[in-house]
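*Asks:* Sending over a structure as structure tokens; questions will come in a sec.
The values are calculated or read from the model by the stated rules, or taken from the named source; none is laboratory data. These numbers were taken from a predicted model, which means no experiment stands behind them. Every residue, glycine among them, receives a Cβ derived from its backbone with ideal geometry; neighbour counts consider all protein chains shown. The accessibility values were calculated without ligands, DNA or RNA, using every heavy atom of the protein model including side chains. Shrake-Rupley method; radii C 1.70, N 1.55, O 1.52, S 1.80 Å.
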Amino acid sequence: MAGSSLLALIDDIATILDDVSLMTKTATKKTAGVLGDDLALNAQQVAGVRPARELPVVWAVAKGSLLNKTILVPAAVAISYFAPWLITPLLMLGGAFLCLEGFEKIAHRFLHRNEQEAHAQALRAALKDPQVDLRAVEQKKIKGAIRTDFILSAEIIAITLGTVAAEAIGMQFLVLSVVAIMITVGVYGLVAGIVKLDDGGLYLSGRESALAQKAGLGILWLAPHLMRTLSVLGTIAMFLVGGGILTHGLPPVHAAIMAYTEGFTGAAQVLAGTLADGCFGLLAGAVLVATITPLQALWTKLFR
């Protein structure tokens with residue numbers, strides 16, 4: 001009897017873990033846009049930090065990220081239990097924020113390029129100045145990265161919660177926890193690798209082997225391009241994911257997209273639907289930026 005009970009328990013645990021794995025995989029796919037943006041943003045946050053301090057800074061931000069998620073996961077489960085009607089509005093809000101942030105990135109890149117360059121030059125000059133407290137600069141970067149992480153983590157948790165909203169509370173908590181841990185370890189592990197990529201290239205380029213030198217020079221060339229590519233892909237994914245959330249929450253728009261994709265089959269149908277979601281996300285981002293930016297300027301003028 002005891003042996004049978006133990007086997008049944010093991011089977012139940014295996015079934016639960018299999019369900020968790022499946023739902024975690026689904027949730028991770030749906031949060032891909034935020035993950036790409038999270039990875040690029042956090043790698044950029046440590047730019048300008050002294051090489052010897054890059055990994056400690058990444059570790060400090062990773063700990064802050066875990067703290068963020070220990071707040072967000074129980075809060076999400078509490079919302080699901082006490083106010084499940086809030087899940088859809090929160091998802092729509094998260095989707096709108098993704099589209100807004102994505103379009104703001106595009107607008108900032110083309111309309112404020114000189115400001116970005118001036119900021120980068122000022123940062124480089126400050127880091128060379130012996131009067132500057134580098135520890136204070138570092139702490140400011142860490143706090144900024146943790147604030148950014150909180151927003152992105154909230155989006156990820158909201159999207160994941162929407163994926164498992166129909167499950168029992170215990171399963172919701174388990175999936176949210178697994179996703180939170182996986183994302184933190186994955187994102188900050190990759191960030192650590194990216195920020196030290198140039199150090200690895202520099203090390204290889206100084207070796208005697210011609211092959212190692214070529215590999216090192218290749219890595220040094222790749223590192224800045226990788227950062228820019230991640231940023232671009234992250235922005236595109238934000239429109240795809242955010243637009244997809246919005247279209248699924250707006251029945252008339254979703255019906256129109258479904259009618260449009262009926263003319264396609266197989267992979268082409270999926271691609272057409274995804275592109276339609278992305279275009280709607282881009283349009284929504286443009287409308288939100290055009291609406292919110294003047295309101296922000298008015299608020300600043302009136303109350304500052």
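*Asks:* Can you list residue pairs whose Cβ atoms sit under 6 Å apart, with the first residue in segment 193-210 being over 19 Å from Pro56 (Cβ atoms) and the second being surrounded by fewer than 16 Cβ atoms within 10 Å (Cβ to Cβ)? Count only pairs 6 or more apart in sequence or on different chains.
*Replies:* Leu204/Ala212; Ser205/Gln213; Ser205/Leu217
*Asks:* Still on this structure, please answer the following. For a quick check of your reading of the model, give me the residue pairs whose first member lies in segment 147-170 and is farther than 15 Å from Ala96 by Cα, whose second is of a type in the set (S, T, N, Q) and in a loop (DSSP other than H, G, I, E, B), with beta-carbon atoms closer than 7 Å and at least 6 apart or on different chains.
*Replies:* Listed pairs, sorted by first residue: Thr160/Thr31.
*Asks:* Given the residues Thr235, Thr229, Thr265, which is the only one that is touching a Gly at 6+ places or on another chain (Cβ under 9 Å), of a type outside the set (Gly, Ala, Ser) and either in contact (Cβ under 8 Å) with a residue 60 or more places away in the chain or surrounded by fewer than 14 Cβ atoms within 10 Å (Cβ to Cβ) (or both)?
*Replies:* Matching residue, one of Thr235, Thr229, Thr265: Thr235.
*Asks:* Taking the condition open to solvent by 50 Å² or more (accessible area, probe 1.4 Å), touching a residue at least 60 places away in the same chain (Cβ under 8 Å) and of a type outside the set (Phe, Trp, Tyr), does Leu190 pass?
*Replies:* Answer is yes for this residue.
*Asks:* Right, next: Yes or no: segment 172-183 includes at least one residue that is modelled with pLDDT of 80 or more, of a type outside the set (A, V, I, L, M, F, W, C) and either more than 29 Å from Leu98 (Cβ to Cβ) or part of a helix (DSSP H, G or I) (or both).
*Replies:* yes
*Asks:* Please give the helices (runs of 4 or more DSSP H) falling wholly within segment 76-163 in which 2 or more residues are modelled with pLDDT of 80 or more, farther than 25 Å from Tyr188 by Cβ and open to solvent by 40 Å² or more (accessible area, probe 1.4 Å).
*Replies:* 87-111
*Asks:* Here is a further query. Scanning for something open to solvent by 60 Å² or more (accessible area, probe 1.4 Å), more than 20 Å from the chain's Cα centre (by Cα) and closer than 28 Å to Val58 by Cβ, does segment 165-177 turn up at least one residue?
*Replies:* Yes - at least one qualifying residue is present in segment 165-177.
*Asks:* Still on this structure: Among the numbered criteria (1) in a helix (DSSP H, G or I); (2) over 24 Å from Gly102 (Cβ atoms); (3) not hydrophobic (A, V, I, L, M, F, W, C), which single criterion is violated by His254?
*Replies:* Single failed check for His254: (2).
*Asks:* Inspect all residues belonging to segment 273-294 and state whether any of them is without any contact (Cβ under 8 Å) to a residue 40 or more places away in the chain, in contact with a Gly (Cβ under 9 Å, 6 or more places away or on another chain) and either farther than 23 Å from Ile106 by Cβ or part of a loop (DSSP other than H, G, I, E, B) (or both).
*Replies:* No - not one qualifying residue is present in segment 273-294.
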